[in-house]
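Enquirer: Below you will find the structure I want to go over with you.
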Amino acid sequence: MKLLTTAKLNWFDDGCCDVKYLDIWNSAPRSYQPGQPIDHSWQMDSYELPLGVDEDGRLFKKASDKLMRYQFYPHDVMSHVSDFGLWNRWVQAGDRIVQRIHLFSLFGKPILDAVTMTEVTQVILEPRRYGFTYVTVDTHVEQGEWSACLEWRKDNALILTVKATSRPRPEEPTRNYSFMRRLQQAAHQRGLEYFKQILLA
């Protein structure tokens with residue numbers, strides 16, 4: 001089967017069958033290699049979100065479980081299916097994630113979605129730090145990596161750091177760049193807000 005060279009666009013689809021892409025796109029190669037050289041054409045985003053003071057580690061434990069299950073983006077921004085989700089476990093290196101990014105919605109219902117894929121390349125499992133990184137594969141509309149790390153610092157401050165390096169794929173028409181960037185930045189902000197909301201609920 002010929003692999004897509006960019007994201008799959010879906011109209012009026014609820015994503016109920018997205019799990020099939022874990023098999024269909026299983027052999028899609030990465031479109032970004034961790035540590036590869038980057039230049040001015042790449043976007044660099046970095047966020048640090050204070051989540052509160054954790055005296056006994058309970059908040060850290062709760063936040064770690066949510067992050068390591070990729071409970072980050074609200075459902076009206078993006079939904080996903082994954083290898084780790086199918087097995088009801090935390091992320092592991094090599095896992096793949098099918099992302100359904102909502103481009104346009106009406107009355108809360110998705111109208112047009114982009115279906116993409118990423119691969120987890122690194123997982124952090126330390127006594128006071130948890131996190132992971134994923135990179136894009138050839139079925140993604142962009143190239144780059146996204147990482148999130150939760151740190152329970154010595155002063156008991158609980159901090160989530162999110163970093164992203166990205167650019168549109170060369171095949172993507174330049175007329176779409178501004179829209180993609182606005183969507184990306186809004187998704188980052190919504191994700192940070194949503195993570196804190198579900199953590200403190």
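Enquirer: Could you list, in sequence order, all residues of segment 187-201 that are of a type in the set (A, V, I, L, M, F, W, C) and in contact (Cβ under 8 Å) with a residue 24 or more places away in the chain?
Expert: Of everything in segment 187-201, those that are of a type in the set (A, V, I, L, M, F, W, C) and in contact (Cβ under 8 Å) with a residue 24 or more places away in the chain turn out to be Ala187, Leu192, Phe195, Ile198, Leu199, Leu200.
Enquirer: Also: Please go through segment 124-144 and pick out each residue that is over 14 Å from the mean Cα position of the chain (by Cα) and either closer than 21 Å to Ser41 by Cβ or of a type outside the set (Asp, Glu) (or both).
Expert: Ile124, Leu125, Pro127, Arg128, Arg129, Tyr130, Asp138, Thr139
Enquirer: For residues that are surrounded by fewer than 17 Cβ atoms within 10 Å (Cβ to Cβ) and of a type in the set (A, V, I, L, M, F, W, C), scanning just segment 84-102, find the one that is nearest to Gln33 (Cα to Cα).
Expert: Ala93
Enquirer: For residues in segment 26-81 being aliphatic (A, V, I, L, M) and surrounded by fewer than 18 Cβ atoms within 10 Å (Cβ to Cβ), which is farthest from Leu106 (Cα to Cα)?
Expert: Per the criteria, the residue is Val53.
Enquirer: Still on this structure, I have one more. Return the pair list, or none, for Cβ contacts closer than 7 Å from residues in segment 51-79 that are in a loop (DSSP other than H, G, I, E, B) to residues that are buried (at least 16 other Cβ atoms within 10 Å of the Cβ) and among the charged types (D, E, K, R), at least 6 apart or on different chains.
Expert: Every condition considered, the pairs that remain are Tyr73/Arg190; Pro74/Arg190; Val77/Arg190.
Enquirer: Hey, another quick one. Among residues belonging to segment 140-171 that are of a type outside the set (Lys, Arg) and not in a strand (DSSP E or B), point out the one that is surrounded by the fewest Cβ atoms within 10 Å (Cβ to Cβ).
Expert: Asp155
Enquirer: Would you point out the residue of segment 113-139, among those that are charged (D, E, K, R) and under 20 Å from Asn26 (Cβ atoms), that is surrounded by the fewest Cβ atoms within 10 Å (Cβ to Cβ)? First the steps, then the outcome.
Expert: Initially, segment 113-139 is screened for residues charged (D, E, K, R), giving 113, 119, 126, 128-129, 138.
When the remaining residues are screened for being under 20 Å from Asn26 (Cβ atoms), the result is 119, 138.
Working: Glu119: 22, Asp138: 17.
Looking at residues that are charged (D, E, K, R) and under 20 Å from Asn26 (Cβ atoms), I get Asp138.
Enquirer: Just to check your reading of the model, which residue among Asp14, Asp76 is at pLDDT below 95 and either under 16 Å from the mean Cα position of the chain (by Cα) or closer than 16 Å to Asp95 by Cβ (or both)?
Expert: None of the other options fit; the residue is Asp76.
The values are calculated or read from the model by the stated rules, or taken from the named source; none is laboratory data. Values in this document were obtained by computation on a predicted structure and should not be read as measured data. Neighbour counts run over all protein chains shown; Cβ positions are idealised from the backbone, glycine included.
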